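*Asks:* Before I ask anything, here is the structure I am working with.
The values are calculated or read from the model by the stated rules, or taken from the named source; none is laboratory data. Since the structure is predicted, the reported quantities are computational estimates derived from the model, not experimental observations. Note that each Cβ is placed from the backbone with ideal geometry, even for glycine, and that neighbours are counted across all protein chains shown. For accessibility, only protein heavy atoms count, side chains too; no ligands or nucleic acids. Shrake-Rupley method; radii C 1.70, N 1.55, O 1.52, S 1.80 Å.
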Amino acid sequence: MNPIERLHALPRTGLAFLPTPLMELPRLSQRLGGPRLWMKRDDQTGLGLGGNKVRKLEYLVGEARARGCDTLVTSGAIQSNHCRQTAAATGLGCVLALGGEEPTGAPTGNLLLDRLFGATVRWCGESRKGEKVPAIVEELCRSGRRPYTIPYGGSDEIGAMGFVAAMGELKAQLEEQRAQLAERRLKATTIVVASSSGGTQAGMVVGADVFELPVRIVGIGIDKGEAGEGPYEVRLAELARRLAARLGMPAHYTADRFDVRTGYLGGGYGVVSDLEREAIKLVAQTEGVLLDPVYTGRAMGGLADLVKTGALRGDEAILFWHTGGTPALFGRAEDLVV
Ligand SMILES: *Cc1c(COP(=O)(O)O)cnc(C)c1O
């Protein structure tokens, strides 16, 4: 079997509305001085208000079912989009290990949706990246459940397969646009995407190789990382090698294959500054599209800066990959309207 056949043979549960739309952004382009801008609308993947994690969950839930598991266990921050999308994947139970303490007031944003989707929430204080999950899994096993652990952000070689497949979807869409791209003398396509637990970017890089799609992929770093996690590009390369191995491809990925811009981290994960606020308002007011305060607001702020500083060239089509996250807007009003 070749890698594409192997990809298609993996267990997968249909959860997303695919393909997601690819739209042009003419008014935003004008405001940024004329670059050719497109947006891939993974905020419209459908399940539980959508987002990039639904692509990963198609493979993760497929694997969980193939192994006969009955409960998904995963972790994240209090306003985690990944946790909300996992909670929405119906048919299996869901236990979320969330960072922080239970808020005293009514739940808002993603946390409200976690509750509506019926997830069980365990509060984990400082540990938002799954540190308490093994203990929770053990407890579930003791009570007769069959838990399936999904790592932080769904970023293992199972979940990230969703973004390998997404490159096949994009290739078909770009072929439809080919005449238009040629007419405008656009020589290359650069994808700009928020990058945090890494499954999205690692999957895209491997997927571009699998489908022979000539795109440059620029990740905008969202999270400074924890002490001891090691350099982000090294972790992306490790994940890419595991994806490649699963697809029977040469696993030659090294850190230098991953372009991650870390200049927009500001105060760290989830700290909203003018960069995110301005980007959210700009895209809302030019295109009527909502970004989110943690990921896509920061990534779009980075894109605007890369255009301004000439790091993205005029003969490139720039494709902003909208990874979702909009429900978090409703948990962060005080940070957005200042
Ligand atoms: C999780 C998430 C990302 C980052 O994707 P990773 O695969 O974790 O790097 C980007 N945007 C949004 C809205 C997310 O929820």
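*Asks:* Can you find a residue that is farther than 27 Å from Gly225 by Cβ, touching a Cys at 6+ places or on another chain (Cβ under 8 Å) and surrounded by fewer than 21 Cβ atoms within 10 Å (Cβ to Cβ) anywhere in segment 127-145?
*Replies:* no
*Asks:* Of all the helices (runs of 4 or more DSSP H) wholly in segment 177-291, which have at least 2 residues that are buried (at least 19 other Cβ atoms within 10 Å of the Cβ)? Even if it seems obvious, please write down each step before you answer.
*Replies:* Values: elements: 178-183, 199-210, 232-246, 274-287.
Filter on segment 177-291 gives 199-210, 232-246, 274-287.
*Asks:* If you check every pair at least six apart or on different chains, which have Cβ atoms under 6 Å apart with a residue in segment 13-36 that is open to solvent by 70 Å² or more (accessible area, probe 1.4 Å) first and a residue that is of a type in the set (A, V, I, L, M, F, W, C) second?
*Replies:* Listed pairs, sorted by first residue: Arg36/Leu186; Arg36/Ala317.
*Asks:* In this structure, does Ala299 turn out to be under 14 Å from Leu37 (Cβ atoms) and within 13 Å of the ligand (Cβ to nearest atom)? Even if it seems obvious, please write down each step before you answer.
*Replies:* Details: under 14 Å from Leu37 (Cβ atoms): yes; within 13 Å of the ligand (Cβ to nearest atom): yes.
Yes.
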